[in-house]
1. So E201 clears everything in (1) under 25 Å from the mean Cα position of the chain (by Cα); (2) over 30 Å from L37 (Cα atoms); (3) within 15 Å of ligand 2 (Cβ to nearest atom); (4) surrounded by fewer than 17 Cβ atoms within 10 Å (Cβ to Cβ) except one condition, right? Which one?
2. So D57 passes all but one of these: (1) within 19 Å of T172 (Cα to Cα); (2) touching a residue at least 40 places away in the same chain (Cβ under 8 Å); (3) buried (at least 18 other Cβ atoms within 10 Å of the Cβ). Which condition number does it fail?
3. How many of the residues in the stretch 99-130 are among the acidic types (D, E), over 26 Å from T38 (Cβ atoms) and within 16 Å of ligand 2 (Cβ to nearest atom)?
4. Scan the stretch 191-230 for residues that are touching a residue at least 60 places away in the same chain (Cβ under 8 Å), within 16 Å of ligand 1 (Cβ to nearest atom) and not in a helix (DSSP H, G or I) and jot them down.
5. Look through V20, V96 and report the one residue that is within 13 Å of ligand 2 (Cβ to nearest atom), within 22 Å of Q183 (Cβ to Cβ) and in a strand (DSSP E or B).
6. Any idea how many residues of the stretch 225-243 are surrounded by 15 or more Cβ atoms within 10 Å (Cβ to Cβ) and either within 22 Å of L331 (Cβ to Cβ) or over 21 Å from the mean Cα position of the chain (by Cα) (or both)?
Amino acid sequence: MTADSEGKRQGGLKRVALVVAAGRGYRVGGQLPKQYLTLGGRPILRHCLATFAAHPDISAVRVVIHPDDRPLYEQAARGLDLLEPVPGGAERQDSVRLGLESLEGLAPDQVLIHDAARPFLTMDVIDRVIAALDTHAGAIPALPQADTLKRADDDGGIAGTVDRAGLWRAQTPQGFRFGPIMQAHRAAAGQTLTDDAAVLEATGQTVVLTPGAEDNAKITTLEDLHRAERRFQGPGEIRVGHGFDVHACGPGDHVVLGGVRIPHTQGLVGHSDADVALHALADAIYGAIAAGDIGRHFPPTDARWKGAPSDVFLRHAGGLVEALGGRIVNLDLTLICERPKIGPHRAAIVARVAEILGLSGGRVSVKATTSERLGFTGRGEGLAAQATATVMLPG
Ligand SMILES: Nc1ccn([C@@H]2O[C@H](COP(=O)(O)OP(=O)(O)OP(=O)(O)O)[C@@H](O)[C@H]2O)c(=O)n1
Ligand SMILES: C[C@](O)(CO)[C@H](O)COP(=O)(O)O
């Protein structure tokens, strides 16, 4: 478990995302189950995992997989901090029930059940479901039915027109208080209900609708897959962000710069480990996607981040980019100090930053300069770092 998840979990497993990915994808066809096909450079399953992993109100993520898919799962989940996957069953409903059973010992308050086959999940869809769970036992994203609905006869003729008033198309993630949905799924075992709201409805409890999103469509057929692929065929959008950070020098025998411990005659003072380099890089990434700054995501007033290793912050910033379906193109960092000398540590810093973000080292540049003994960096009172990040978002 990383420090990031540890931090999230200190308040208990309040809200868990359960992603069902044990289906075979027969309607799409092909060699691989659809959730492991590549979309925008990463497996379809990974898209929603990245979004849940980056959501501040999701404490943990568990995936339900087919036992044959373990190697595919490992590849799709690489670098993400998730609970151990569990095996699913023959039908979606079985997979959800087995996933819920696996969570019982963790006693979460709420669970958000999501189809791996809905890769374009966004934070705001999740937010609306979570908000509705404050006052309801169940909430699902849905869209009003816009087309006229026909009932067909066996020969393909129209047998009638169905009144569409009050009809909604159900999406996921479907959110529930854990106890009621666990009991409802046990009671409904063996039936073939197509969503989890129907399972809770069967117990007489109310499930409310929250606004879904057209983009949050399920990939069911080959045509759906091609439509999803077209989202990534545009030129994309290049974004650039800038970050700057300073920490004062203080007593100590080392500094941490770019995630690397460097022996020194002084330390750096800060709420976290005072790693100016990773802070500037994280802010540059946040800036590129207009996601605020490090203080917004990790307030210095929050005791959880006291002494925290700053790779938590950088990984979070990278996770937000991934949750948008984007990727980091390159990072450029400049450290400003007289001492310690950065040159001997440059390669280690490049390697560590690349490792934290899952990038190749060729996308990370680390430079250093003195300020010619001028100013606070020149007098050795503090260290400064500047960074730029280039990010590619889907067009
Ligand atoms: N036994 C099953 C069946 C489905 N699912 C999951 O439930 C979601 C929605 O199901 P669907 O789109 O019907 O997927 P498949 O069952 O894989 O599709 P098909 O019916 O075409 O085989 C998918 O993420 C799928 O992996 C599951 O976990 N276990
Ligand atoms: C749960 C669901 O995504 C709601 O729309 C949908 O019912 C699952 O698809 P399936 O084809 O019924 O498994």
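1. Result: E201 fails condition (1) only.
2. Among (1) within 19 Å of T172 (Cα to Cα); (2) touching a residue at least 40 places away in the same chain (Cβ under 8 Å); (3) buried (at least 18 other Cβ atoms within 10 Å of the Cβ), the lone unmet condition for D57 is (3).
3. So the answer is 0.
4. Selection gives Q191, T192, L193, T194, G212, A217, K218, I219, T220, T221.
5. Details: V96 fails: in a strand (DSSP E or B).
When all the criteria are applied, what remains is V20.
6. Pass one, the stretch 225-243, residues surrounded by 15 or more Cβ atoms within 10 Å (Cβ to Cβ): 225, 228, 231, 236, 239, 241, 243.
Going one step further and asking which of them are either within 22 Å of L331 (Cβ to Cβ) or over 21 Å from the mean Cα position of the chain (by Cα) (or both), we end up with 225, 236, 239, 241, 243.
Of the residues in the stretch 225-243, 5 are surrounded by 15 or more Cβ atoms within 10 Å (Cβ to Cβ) and either within 22 Å of L331 (Cβ to Cβ) or over 21 Å from the mean Cα position of the chain (by Cα) (or both).
Every residue, every condition in (1) under 20 Å from the mean Cα position of the chain (by Cα); (2) at pLDDT 95 or above; (3) outside any loop (DSSP other than H, G, I, E, B); (4) crowded, with 21+ Cβ neighbours inside 10 Å, yes or no:
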site	(1), (2), (3), (4)
T265	no, yes, no, no
A277	no, yes, yes, yes
D283	yes, yes, yes, yes
T301	no, no, no, no
G307	no, no, no, no
V321	yes, yes, yes, yes
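The values are calculated or read from the model by the stated rules, or taken from the named source; none is laboratory data. Everything numeric in this text was worked out from a predicted model, so none of it was measured. Glycine also receives a Cβ, built like all others from the backbone with ideal geometry; neighbour counts cover every protein chain displayed.
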